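One structure is given here, and the rest of the page talks about it.
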Amino acid sequence: MAFTSQVFLLAFLPAAVLLHWLAPARARNAVLALSGLVLLAWAGALLLLPLLAVAVVDWACARIIAAPQAGETGAPKPGGPRTRRQKLALGLSLATNLGLLAGFKLVPPLLAWLSDLVGWDWALPDGWLVAVPLGLSFYTFQSLSYTIDVFRGHISPCRRLVDYVAYLAAFPRLIAGPIVRFHQVSDQLASRRLELDRLARGCLLFALGLGKKVLLANPLGTAADAAFAAASPGAFNAWFGLLAFAFQIYFDFSGYTDMALGLGLMVGLELPPNFDAPYRSASVMEFWRRWHLTLSFWLRDYVFLPVAYASGRRLADCGAPPRREEMLSYTVASMTTMVLCGLWHGVTWGFVVWGGLHGVWLVLERLVMRKRWYRAAPRPLRVGATFAFLTVSWVFFRAGSLAASGRYLASLFGFDNPGPSALVRGLLVTPAQLGVLAVAAALAWFATPSQRVAATLTPVRVGLAAVTLWLALAMLSVQAHTGFLYAAF
């Protein structure tokens, strides 16, 4: 049940918001948990089991980790020693979450690869790869951060299981994030305020997000699909299709984020920002501080920093010079983090190469950022160079396989048949699609971010949201339904 479906817009959303406003304060988390479970069960009742397993295991493990040990009072202290029981509880949490991720996302493609490699004459059950539970990558990362933070002594555990299920299954962020840390919403879960101002701002933000998805991302997706499906699109159509995908994924994810944060406001939740005009970045490092912020910060805190610290200590023990030690540890941590980021999106070589390219570029930026010529370069020039790199790297993200990526890169640079068929030309280059691409580019680089627009209600902003909502609903009535790209990850 995507946020753009008629069932969600006309039935689920009004019912969920109304139930929240009618329910007594103590029952609101139960309503939030139930709403998320219903949304998840819509894709298949059995898909509830992984989320419930994660919720029960991690809630119990956190209680064990935080329980006072013999001779101690209170929760574990940051940096203090941990008992064998606490370590086993954390290990069980890690095994549960990472085991589910591996079982659903890693094992099937690996088995298929091994089958092709050794020539086994068997196939995985039909539908296995399609049955990855909705939101699995998001709620497992979210739950892992919770138990790790309890283990580190940074937060206190959640007291009621129903509150923890509401934290994991909150329907505004269940499909594709943001990846919310427990400390960011713990006070809100304990006492949520439902206010008309929040409801109105949430509706405005939701309307703007729906417009981005329906009026921009979906039409651009049609052009991108045609270009990537063509055997020899030619350089012009290949570049048009790639730019179409670059802005499709931008407004698809930006639109989803607006809708998720707007839904949160409707039910009294202030969710953390997850998108901040990333194509205005002057470096890839800045891009990852603006694109999918909650995933970037999760990878920084639970992958990059631990790997950098561990590799730096090993290098120091070997007697490496401080500056060389810093650069090598940064390289190891960056490459590890970005390859894992690629694998988080999907277990294909295309995602691995995409993540690896970002890791290499981060290392190169680190090498030149202290250079005088780099600092003197105008910001628009650095923004353009960053966008060019990001756009070309999207080929590996979108094409999937290395062979398909290679063919598409050949088209981009004029090494394939330069004469596309009339059908492909007609699908890709129409005045309407060129207009949508121009509007998308202008909004991405120059418009006020929608979350700032929704921060203050004015007649002009309310009117803009109303017109956007009307146009989006009108377009949905004639547009083929498409889900959000990040829901597949």
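Computed from the coordinates by the stated procedures, all read-outs in this text should not be read as laboratory data. Since the model is a prediction, treat every value here as computed from it, not as a measurement. Reconstructed Cβ throughout: ideal geometry from the backbone, glycine too, with neighbour counts over all protein chains shown.
Can you give the Kirkwood hydrodynamic radius of the chain from its Cα pairs, in Å with one decimal? Don't skip to the end; give the middle numbers.
Numbers: mean 1/r = 0.0411 Å⁻¹.
In the chain this quantity evaluates to 24.3 Å.
Using the 10 angstrom Cβ neighbour count as an exposure proxy, how do C61, C203 rank, fewest first?
Values: C61 25, C203 21.
Sorted ascending by nearby Cβ count, the order is C203, C61.
Per 0.36 nm of contour for each residue apart, how much would the distance between A404 and Q188 grow if the chain were fully extended, relative to their Cα-Cα spacing? Mind showing how you got there, number by number?
Working: separation 216, 0.36 × 216 = 77.76 nm, distance 4.66 nm.
Answer, rounded to one decimal: 73.1 nm.
Give me the three principal axis extents of region 237-311 from the C-alpha atoms, as integers in angstrom, largest value leading.
46, 40, 17
Which residues does a label at E195 reach in region 256-298, if reach means a backbone N under 13 Å from a point 7 Å past the Cα toward the Cβ?
265-266, 268-270
What's the longest uninterrupted piece of the chain once you rule out the trypsin sites (Lys or Arg not before Pro) that are loop residues per DSSP with at most 11 other Cβ within 10 Å? Could you put the intermediate results ahead of the total?
Numbers: sites that count: R159, R193, R370, K371.
It runs 194-369.
What nm value, rounded to one decimal, do you get for the distance between E326 and L364 when each label is placed 7 Å out toward the C-beta?
2.3 nm
Count charges around T257 for me, please; just the other residues with Cβ under 13 Å from its Cβ, Lys/Arg as +1, Asp/Glu as -1. Don't skip to the end; give the middle numbers.
Details: positive: R173, K212, K213, R290; negative: D252, D258, D276.
Once positives and negatives cancel, what remains is +1.
Charges on Cβ only, +1 for Lys and Arg, -1 for Asp and Glu, centred on the Cα centroid of the chain; of A447, L208, F104, which one is farthest towards the dipole's positive end?
A447
What translational diffusion coefficient, in µm²/s and rounded to a whole number, does the Stokes-Einstein relation yield for region 202-334 at 20 °C and a viscosity of 1.002 mPa s, taking the hydrodynamic radius as the Kirkwood radius over Cα pairs? Present the calculation step by step, with values, prior to reporting the outcome.
Values: Rh = 17.6 Å.
For the chosen part, D equals 121 µm²/s.
So for the chain, averaging the separation of alpha carbon pairs under 8 Å that are six or more residues apart and normalising by length, what relative contact order in percent results?
Numbers: 648 pairs, mean separation 91.5, N = 489.
It rounds to 19 percent for the chain.
Where Lys and Arg each count +1 and Asp and Glu each count -1, what net charge lies around G36 among other residues with Cβ under 14 Å from its Cβ? Could you put the intermediate results ahead of the total?
Working: positive: R28, R173; negative: D163.
That works out to +1.
Quick one: length gained pulling H154 to A442 fully straight, 0.36 nm per residue minus the C-alpha distance? Intermediate values should be presented prior to the final figure.
Working: separation 288, 0.36 × 288 = 103.68 nm, distance 4.22 nm.
The H154-A442 span can extend by a further 99.5 nm.
Which of the peptides 235-245, 89-99, 345-355 is most tightly packed, and how do the rest follow, judged by the mean count of other Cβ atoms within 10 Å per residue? Write down the numbers at each step before the final one.
On the way: 235-245: 22.0, 89-99: 17.9, 345-355: 19.7.
Per-residue Cβ counts within 10 Å, averaged per peptide and sorted highest first, yield 235-245, 345-355, 89-99.
Tell me which of N274, F236, I175 sits at the most positive position along the dipole axis of the chain, charges placed on C-beta atoms (Lys, Arg +1; Asp, Glu -1).
Value computed over the given set: N274.
Starting from 0.36 nm per residue, how many nanometres of slack lie between L22 and V107 once their C-alpha separation is accounted for? Walk me through the intermediate numbers first.
Numbers: separation 85, 0.36 × 85 = 30.60 nm, distance 4.45 nm.
Here the segment from L22 to V107 would lengthen by 26.1 nm.
What FRET efficiency do you get for M285 and L92 if R0 is 35 Å and r is their Cβ-Cβ distance, rounded to the nearest 0.05? Please list the in-between numbers first.
Details: r = 36 Å, r/R0 = 1.02.
Computed FRET efficiency for M285 and L92 comes out at 0.50.
How far apart, in nanometres, would the label points at T458 and R300 be if each is projected 7 angstrom from Cα along the Cα-to-Cβ direction?
3.1 nm
If amide H atoms are built 1.01 Å from N in the plane of the peptide, which residues on other chains or at least 5 residues away come under 5 Å of the amide H of F275?
Here the answer is L293, since their amide H atoms fall under 5 Å of that of F275.
What's the magnitude of the charge dipole for the chain around its Cα centre, counting Lys and Arg as +1 and Asp and Glu as -1 at the beta-carbon? Answer in Debye, nearest 20. Mind showing how you got there, number by number?
Details: 40 positive and 22 negative charges, 297 e Å.
Magnitude of the dipole: close to 1420 debye.
So how far apart, in nm, are the two label points at A60 and A385 if each is 7 Å from Cα heading toward Cβ?
Going by the 7 Å Cα→Cβ label model, 5.5 nm.
Quick check on the exposure proxy: order Y374, Y486, Y256 from fewest to most C-beta atoms within 10 angstrom. Intermediate results must be reported in sequence, preceding the final value.
Details: Y374 13, Y486 19, Y256 30.
Listed from fewest to most nearby Cβ atoms, that is Y374, Y486, Y256.
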